[in-house]
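Scroll down for the structure; my scribbles are underneath it.
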Amino acid sequence: MVCIFTTGGSSNLCCGCPKPEEGSKCGCGMRNGNRTLQMAMAVEEGVKEYGGVNVHIHDIRFEGQCPDYDTVASVCDAIVLGSPVHAAMPANDMTIYTNKWKRVRWEMACKIGAAFTTGTAMYAGTELTMRILHARLQTFQLNIVGGSDWQTNPGAAAVTEHGEYWADGGDSGTHPGASSLAEHEPEGGEDDEFRAVDPMFLSQARGLGYRVAAVTKVAFEGGLTPKGGLCSQPYGGLQKGSPTR
């Protein structure tokens, strides 16, 4: 199973709409845009194109899309994190959600990890955000898979408001699994024609999904990714040092 965790960004972890009386941001600063979700859906398409590997998108802004640690550790053989760039870093809700995972129980060790992102501009943190997501996954001992070409080695990133690359925010407010490309609310512009994420970036996300699926299948069949598999125990000879007096 490839588990894709994505978000359009929130100030705090939503997992639903905790304070609907506070308006469209649900009391957690939720953004309804679907640019990052479009990339997640393209990653999903790449996994399906490879075939033989299950895949599921969890948009952590929405109710029922924030499985607990035990569920993630049991179900997911690969974890792909996707977030928009917020001040050269992942969105707060993605950091808060993954902070709930446990570092010391080793159920995540040797699972497959990957990352993707969307950013307003080319030079404003897309690669850095992916590297931070990699570091988060490596904290849980996942093996990182990069993009499908040397030009996309960290994963996949879409530029959404720079030069010729411009995409409308859309609306993900229906359901994270729905095809929000067809149910959109255009934001600005001279006409009402919806502009999706550029096809080049979506193809890179599909390539990432394809590669993640290929590596996950081999790792699963080799006994690396299942909970309790070959990597479920720490190396016995590891020395962590002793306290000084």
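The values are calculated or read from the model by the stated rules, or taken from the named source; none is laboratory data. Because the structure is a prediction, the values reported are computed rather than measured. Note: ideal-geometry Cβ built from the backbone for every residue, glycine included; neighbour counts use all protein chains shown.
Only residues that are surrounded by fewer than 19 Cβ atoms within 10 Å (Cβ to Cβ) and either at pLDDT 90 or above or assigned to a loop (DSSP other than H, G, I, E, B) (or both) were counted in the stretch 18-31, giving 7. Beta carbons closer than 7 Å, at least 6 apart along the sequence or on distinct chains, pair a first residue in the stretch 54-65 that is part of a strand (DSSP E or B) with a second that is surrounded by 16 or more Cβ atoms within 10 Å (Cβ to Cβ) and small (Gly, Ala, Ser) for 57/40; 59/172.
When residue 145 is tested against (1) touching a Gly at 6+ places or on another chain (Cβ under 6 Å); (2) at pLDDT 95 or above, exactly one condition is not met: (1). Between residues in the stretch 195-213 that are within 10 Å of residue 148 (Cβ to Cβ) and of a type in the set (Val, Ile, Thr) and residues that are modelled with pLDDT of 95 or more and part of a helix (DSSP H, G or I), which pairs lie under 9 Å by C-beta distance while being six or more apart or on different chains? Cβ pairs passing all conditions: 212/43; 212/46; 212/47; 212/50. In the set 82, 51, 125, only one residue is within 22 Å of residue 225 (Cα to Cα) and crowded, with 20+ Cβ neighbours inside 10 Å; that residue is 82.
When you scan the stretch 126-138, do you find a residue that is touching a strand residue (DSSP E or B) at 6+ places or on another chain (Cβ under 8 Å), within 24 Å of residue 220 (Cβ to Cβ), part of a loop (DSSP other than H, G, I, E, B) and modelled with pLDDT of 90 or more, even just one? No: zero hits. Please go through the stretch 71-88 and pick out each residue that is at pLDDT below 95, of a type in the set (A, V, I, L, M) and part of a strand (DSSP E or B). If the condition is that a residue be at pLDDT below 95, of a type in the set (A, V, I, L, M) and part of a strand (DSSP E or B), then 85 is the only one that fits. Among the residues of the stretch 197-245, those that are part of a helix (DSSP H, G or I) and hydrophobic (A, V, I, L, M, F, W, C) comprise 200, 201, 202, 205, 208, 212, 213, 214, 215, 218, 219, 220.
The C-beta contact set for the stretch 102-114 (first residue closer than 16 Å to residue 218 by Cα and at pLDDT 85 or above, second residue of a type in the set (Ser, Thr, Tyr) and buried (at least 24 other Cβ atoms within 10 Å of the Cβ), distance under 7 angstrom, 6+ apart or interchain) comprises 110/225; 111/225; 112/216; 112/225.
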